[in-house]
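Each remark here refers to the structure printed beneath this line.
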Amino acid sequence: MRTELLYLEDSYIKEFNATVLEVKDNGVILDRTAFYIGGGGQPYDSGSLFFGGKECKVVGMRREDALHIIEGPLPSPGEKVHGIIDWDRRYKIMRTHTSVHVISGVAYKDFGVIITGNQLYEGRARIDLSFENMSKDLALQIIEESNKVIEKGLEVRWYYITKEEFERRPELKRVNPRLYEKYERIRVVEIVNFDLQADGGTHVRNIKEIGKIKLDKYESKGRKNKRIYISLIP
Ligand SMILES: [Zn+2]
C-alpha cells in the first residue's frame, strides 16, 4: 500500500492535506489519508475531498489499495486535496468499536465466552459469541458488567508488538490469530490493565468516552453460536 494511513497513529484526525497519487476506477489514491479503509468489522469512513474550489464525496473505500471511491468531480494526479471525514459518524463508530473490546474483555475474563466476530455500525454492533451455555440472561450480565468497567475510565493505547511477543500473549489468540500471523509487527489495542487485542481499527483514548451501552437483541444461531446486538445509549 502506497498510502500512509494516518488514523493508525492518531484516530482523532478529522481533516488532513494530501496529494493525489493516482486517479482510477472512479476514485483516487492519496499519499496519505485519515479515511478508514474498512475491515475487521469496522466500516470505511465517508466524507469529502476539496480541491481547486470543488468538492467531491467519498462514498466508499477499497481496502486493498486505499482507493477513495468518489461521487462528483475527480481531482487530477498530483493535485493537492483537503480531506474532511464525517466525524459524527466516525466518532460513534469509534465509541462502538472500543465498547466491543470492553465487552470482549468482560466476556473472556469473567465468563470464558469467546467473541468470534463482530460488525460495527454507527452507534451499534452485532457480536457473535461462542459459548455452549450462553443465555440472554448471561448476555445481560456481560453488558451490565461492561458498563461497570466503562465507568472506571481506563485509558486506551495502540502500538505495535513483534510476532514473538504476540506468540507469548495467549489472550491475543482468542480472535482468529491467522489473520495476524503473517505480519512481522502486529498492531495491538490495549485497554490499560484490562484487555489487549490485535486490531487495525480506530478507538477512543479513554473508555469513558463510550458512555453507556445496552443489549438490544439476543439470538441463538446454534448450540454454541449466539449473536447479540448492542447499541450506545445516546
Ligand atoms: Zn477491534
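Going from the alpha-carbon gyration tensor of the range 4-85, what semi-axes, largest first and in whole Å, does one get by taking the root of 5 times each eigenvalue? Let's see the in-between values first.
Numbers: eigenvalues 67, 36, 26 Å².
Calculated on Cα positions only, the semi-axes equal 18, 13, 11 Å.
The Cα center of the range 64-93 and the Cα center of the range 1-26 differ in position by 8 Å.
Please identify the chymotrypsin sites (Phe, Trp or Tyr not before Pro) of the range 3-71 that satisfy two criteria: DSSP loop assignment and at most 15 other Cβ atoms within 10 Å. Which are they? Before the final figure, lay out each step's value.
Details: sites: TYR7, TYR12, PHE16, PHE35, TYR36, TYR44, PHE50, PHE51; in loops: TYR12, PHE35, TYR36, TYR44.
Hits after loop and neighbour filter: TYR12.
Based on the Kirkwood approach, the hydrodynamic radius assigned to the range 22-136 is 16.0 Å, with every pair of different Cα atoms included.
Seen from TYR160, the other residues with C-beta closer than 12 Å to its C-beta sum to a net charge of -1, counting Lys and Arg as +1 and Asp and Glu as -1. Pairs exceeding a 31 Å alpha-carbon distance, out of LYS148/LYS226; LYS163/LYS221; LYS80/LYS173; LYS182/LYS208: LYS163/LYS221; LYS80/LYS173; LYS182/LYS208. Per-residue Cβ neighbour counts within 10 Å put TYR159, TYR121 in the sequence TYR159, TYR121, beginning with the fewest. In plain terms, the residue of LEU8, LEU49 with the fewest other Cβ atoms within 10 Å comes first and the most crowded comes last, giving LEU8, LEU49. Each 10 Å bin from 0 upward holds the following percent of the Cα-Cα pairs of the chain: 8, 31, 31, 21, 8, 1.
Per the helix-only calculation at 222 nm, which mean residue ellipticity applies to the chain, given -39500 (n - 2.57) for every DSSP H run of n ≥ 4 and division by its residues, nearest 500 deg cm²/dmol? Intermediate results must be reported in sequence, preceding the final value.
Numbers: 3 runs with 47 residues, N = 234.
Only helices count here, giving -6500 deg cm²/dmol.
Summary of packing: across the peptides 188-194, 216-222, the per-residue average of other C-beta atoms within 10 Å ranks them, highest first, as 188-194, 216-222.
Annotation for the range 203-233 versus the range 102-127: alpha-carbon center distance of 6 Å.
Starting with the fewest neighbours, write out ILE13, ILE233 ranked by other beta-carbon atoms found within 10 Å of each beta-carbon.
On the way: ILE13 18, ILE233 10.
So the residues, fewest neighbours to most, are ILE233, ILE13.
Taken together, the values in this text are just the output of simple stated rules run on the coordinates, not laboratory data. Model, not experiment: these values are computed from the prediction. Note that we place each Cβ from the backbone using ideal geometry, even for glycine, and neighbour counts take in every protein chain shown.
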